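Written below as structure tokens is the structure these notes are about.
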Amino acid sequence: MIAIGDIFPAEGEFLAPDEVVITFDRGIPVAIDGETVSVAEARRMLSARGEAQRIGRGEACAALERQAGRGCATLNTAVSGQVRLVLHDGHVTAEDLNSTNTEEKREQ
């Protein structure tokens with residue numbers, strides 16, 4: 001059984017960064033760290049991992065939305081590829097790893 005202290009460190013305790021890689025297929029998050037997930041599962045996982053890093057509820061998902069320029073549940077553009085989020089002690093940074101806009105590719 002996992003204890004709360006194993007997930008949420010005590011105040012002032014060092015937090016190791018948590019890197020999360022989200023894979024998109026035509027704008028829909030389909031995997032987190034290589035594990036296939038539904039959109040709802042992706043939101044739950046990002047929120048839980050963010051909260052463990054003292055990031056407000058839903059902020060990890062919001063950071064992903066800002067990085068991608070779209071929403072987690074219904075994405076407006078056809079982007080495929082991966083985005084890395086680094087969650088660390090109340091902060092979120094995002095980086096495109098290899099995303100492509102499939103709409104642009106079709107137009108070329």
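Tabulated values for the structure
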item: Residue-span extension gain [residue 41 to residue 98] - 0.36 nm each, minus C-alpha spacing; result: 18.3 nm
item: For residue 37, residues with placed amide H under 5 Å, excluding near neighbours; result: 31, 32
item: Net charge, residue 87 excluded, C-beta distance under 10 Å - Lys, Arg +1, Asp, Glu -1; result: -3
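Each reported figure results from applying straightforward, stated rules to the coordinates on display, with no laboratory input. Keep in mind that this is a model prediction, so the values were computed, not measured. Cβ: placed from backbone, ideal geometry, glycine included. Neighbour counts: every protein chain shown.
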